[in-house]
1. Would you please name the chymotrypsin sites (Phe, Trp or Tyr not before Pro) within the stretch 102-173 that are DSSP coil residues with at most 14 other C-beta atoms within 10 Å of their C-beta?
2. What are the DSSP H helices in the chain that stretch 15 Å or more along their long axis, judged by alpha-carbon atoms, and whose average Kyte-Doolittle hydropathy comes to at least -1.0?
3. Give the Cα extents of the chain along the principal axes, in whole Å, largest first.
4. Can you give the net charge of the other residues whose Cβ lies under 14 Å from the Cβ of residue 126, counting K and R as +1 and D and E as -1?
5. For n ≥ 4 DSSP H runs only, could you compute -39500 (n - 2.57) per run for the chain, divide by its residues and tell me the 222 nm figure to the nearest 500?
6. Which net charge results when you count Lys and Arg as +1 and Asp and Glu as -1 among the other residues whose beta-carbon is under 14 Å from that of residue 72?
7. Going by average Cβ density within 10 Å per residue, which order do the peptides 72-81, 38-47 take, highest to lowest?
8. Loop-only check: which GluC sites (Glu not before Pro) in the stretch 110-180 are DSSP coil with at most 16 other Cβ within 10 angstrom?
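None of the figures in this text is laboratory data; all of them are computed from the coordinates on show. Worth saying up front: this structure is predicted, and the values here are computed from it rather than measured. Cβ sites come from the backbone with ideal geometry, for glycine too, and all protein chains shown count toward neighbours.
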Amino acid sequence: MRKLRHNEIERLSPDAFRDLPKHPIKAVIEDVRSIHNVGSMFRTADAAAIEQLILCGITGTPENRMIHKTALGAEETVNWTHQGSSVDAIRILRESGYCIAALEITDTPTRVSDLAIAQFPLALIVGNEVGGLKHESIAEADVAIEIPQYGTKQSFNVAVAFGIAIMGIVDRYRELHSVA
């Protein structure tokens, strides 16, 4: 097996990516402090080809030039918007037919592999690095996504958790819809 070099990997142009059908998944990013975490989430959103990032509260936006350090251009390809209130964003998504999934530790966890076809389109809400999601946001959720952990720590970095969850959700959607 030969390792491919960066310039040997076929990539879509930004214009072709914008025209590509997206997975029916949006993410509400609630009060994430680190612009580097936000940039990483943009990069993951691009890789997963999800519909949109909705940046809420204090979450930084691509107007902050520092986002490029970790987004590496994904801030130019991923559809995004900023909304002051995550609860308002969640309610709008619900009214648009999205199932609301909280990425949070709760007493009623659901594994990504247990998501059903009726739970798409899906909006994943992700919270602050320290405090997680606000109680009001959790109360709006239809389901809480759990990422199993087997060590001594009870949480991941928010950008890492987002990546694990989004890629798992995209895989589950593709499995349920028989997309190769």
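1. 150
2. Sorted by number, the helices that extend far enough and score high enough are 35-48, 158-176.
3. 46, 39, 38
4. Net charge in that neighbourhood comes out at -3.
5. Roughly -9500 deg cm²/dmol at 222 nm, from the helical runs in the chain.
6. +1
7. 38-47, 72-81
8. Taking the stretch 110-180 and a limit of 16 other Cβ atoms within 10 Å, the loop GluC sites (Glu not before Pro) found are 129.
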